[in-house]
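Asker: Structure incoming, see below.
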Amino acid sequence: FFSFGLCIAFLGPTLLDLRCQTQSSLSQITWVFFSQQLLLSGNSCLGFAEMLAQSLFALFASSLAISLVFAIIPLCHNVVVLAVVMAVAGLAMGCIDTISNMQLVKIYQKDSAVFLQALHFFVGFGALLSPLIADPFLSDTNCILSNSTANASSNLPHIRKSLVPHHPGNLSHYDLPMKGMVVTRVSYAFWIMALINLPVPIAVFFLLYKERMVPCFSSSSHPLLSADELAMETRPAEKDDLSTAVQRPQAAGGHDDLFSCCQSKNFRGASYTYFAVHITGALVLFMTDGIVGEYSGFIYSYAVEEPLSVVHKVAGYLPSLFWAFITLGRLISIPVSYRMKPATMVFINVVGVLITFLLLLIFSYSVVFLFVGTASLGLFLSSTFPSMLAYTEDILQYRGCATTVLVTGAGIGEMVLQLLVGSIIHDRGSYSFLVCGMIFGGLAFTFYAFLLFFHRMYPKPSADLDDASPDKPAISNDTGQYQR
């Protein structure tokens, strides 16, 4: 997830230098955003790695691919080639996103909330680090030297902070040359990020080696905790049940990819609440992750427009403040999730988001409250995804497809709401930015209220349930999950 975070945040600050490198227009280069997000959202629905060996090999390949992408980006001098490379990065990010969440839920189940909070902290950590690495190497003047660069160079910081996925908005009137001598040092930033990320695939490879899963190498040391020992370490209250549970055949298990989840055999005997829990949980994350994407993408543009008219340099701190408080909130949520139920945490989050947007609308002329509201919004949104994932899987007794469905819904929401809000702001003005946020926050709260209702209606675990039913209580069959 540190690799995931590095990939999320580097593209925005470096996009103008990449425009110079590929000698493309603003509208062309913003398609690079879209190619990454599209493959990220599409790959989130493919939870293809069920066994531990498959998961580790997939994570090794994905984290190594991200290092290779960082190393290859400086060699891409065509915008189409760059878009293809970024699509590969999106594919790797989707793989990391789905498999990491899925395996933590499968291993720790009712104890997974703490581990999910820690996992998602590293997204914010990576997202904070990559802009800091890139900043010293960004061009202070237009990086394509020609006779018409003088006026554009003075507006370069403003243009850089206003670029969002596939929506250059009202920047088309800036005359940025496409031909001339390219002068940019951004390549060094990508190579540094490739080296910083390299220990991640090395660590995953070491884990494969310790688990004796590398065909060409034989480890003389003992492997890590076996599935039975791990279950006893993490769930001591279930020791007596484990010895009998591992002898029972594995039921039609969850945590498959989205297409496997849609097979009719998995729906046999399922109540309507089984589907409702999946759908409402995904819709909550569609809205909340969509808010994260659209707020971080458009808060700068909103601040520099009337009525606030914040100076460009000051407004540039707002996206960084937002991500900083998301990271801080995820760090705080690690100990908090040990004491507080996931359902309670999600309720606090969605109510907090709704109240923050309401206050931002009331004090829409206050620059000070814009900064306070941005920090508050980051805190409330920070732990929504891991808490919702832990809560929904707990409702379904870890036998549904919640992880895959929720990750897919969150990824699609982040992409779709950015495009939607960008179009609305372009047509209706900057004030609609906060109105959209208020509507999305209200919808998130509404869908969460429906989820609470369906939770109350959901059938309680019973020993009489049919083995093939998705409503069957969880049976820990770790030997199947960790088969070597």
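The values are calculated or read from the model by the stated rules, or taken from the named source; none is laboratory data. Quick caveat: nothing in here was measured; it's all calculated off a predicted structure. Note that each Cβ is placed from the backbone with ideal geometry, even for glycine, and that neighbours are counted across all protein chains shown. Surface accessibility is based on the protein's heavy atoms, side chains included, excluding ligands, DNA and RNA. Shrake-Rupley method; radii C 1.70, N 1.55, O 1.52, S 1.80 Å.
Asker: Taking residue 418, is it open to solvent by 10 Å² or more (accessible area, probe 1.4 Å) and assigned to a helix (DSSP H, G or I)?
Answerer: yes
Asker: Pairs only if they're at least six apart or on different chains, beta carbon under 8 angstrom, first in the stretch 325-346 and closer than 14 Å to residue 379 by Cβ, second not in a helix (DSSP H, G or I); list them, first residue then second.
Answerer: 329/383; 330/383; 333/383; 336/383; 345/383
Asker: Same structure again: Does residue 335 qualify as being assigned to a helix (DSSP H, G or I) and not β-branched (Val, Ile, Thr)?
Answerer: yes
Asker: Going through the stretch 1-13 one residue at a time, which ones are open to solvent by 10 Å² or more (accessible area, probe 1.4 Å) and outside any loop (DSSP other than H, G, I, E, B)?
Answerer: Residues satisfying the conditions are 2, 4, 8, 9, 12, 13.
Asker: Among (1) open to solvent by 10 Å² or more (accessible area, probe 1.4 Å); (2) in contact with a helix residue (DSSP H, G or I) (Cβ under 8 Å, 6 or more places away or on another chain), which single condition is residue 456 missing?
Answerer: Just one mismatch for residue 456, condition (2).
Asker: If you go through the stretch 108-124 one residue at a time, do you hit one that is modelled with pLDDT under 90, more than 18 Å from residue 334 (Cα to Cα) and open to solvent by 10 Å² or more (accessible area, probe 1.4 Å)?
Answerer: No, the stretch 108-124 contains no residue that is modelled with pLDDT under 90, more than 18 Å from residue 334 (Cα to Cα) and open to solvent by 10 Å² or more (accessible area, probe 1.4 Å).
Asker: Please verify whether the stretch 357-369 includes one or more residues that are within 26 Å of residue 98 (Cβ to Cβ) and in a helix (DSSP H, G or I).
Answerer: No.
For every residue, the table says whether it meets (1) open to solvent by 40 Å² or more (accessible area, probe 1.4 Å); (2) at pLDDT below 90.
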position	(1), (2)
368	yes, no
373	no, no
388	no, no
399	no, yes
431	yes, yes
439	yes, no
446	yes, no
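Asker: Go through the stretch 14-30 and give me each residue that's open to solvent by 30 Å² or more (accessible area, probe 1.4 Å) and part of a helix (DSSP H, G or I).
Answerer: Residues satisfying the conditions are 27, 28.
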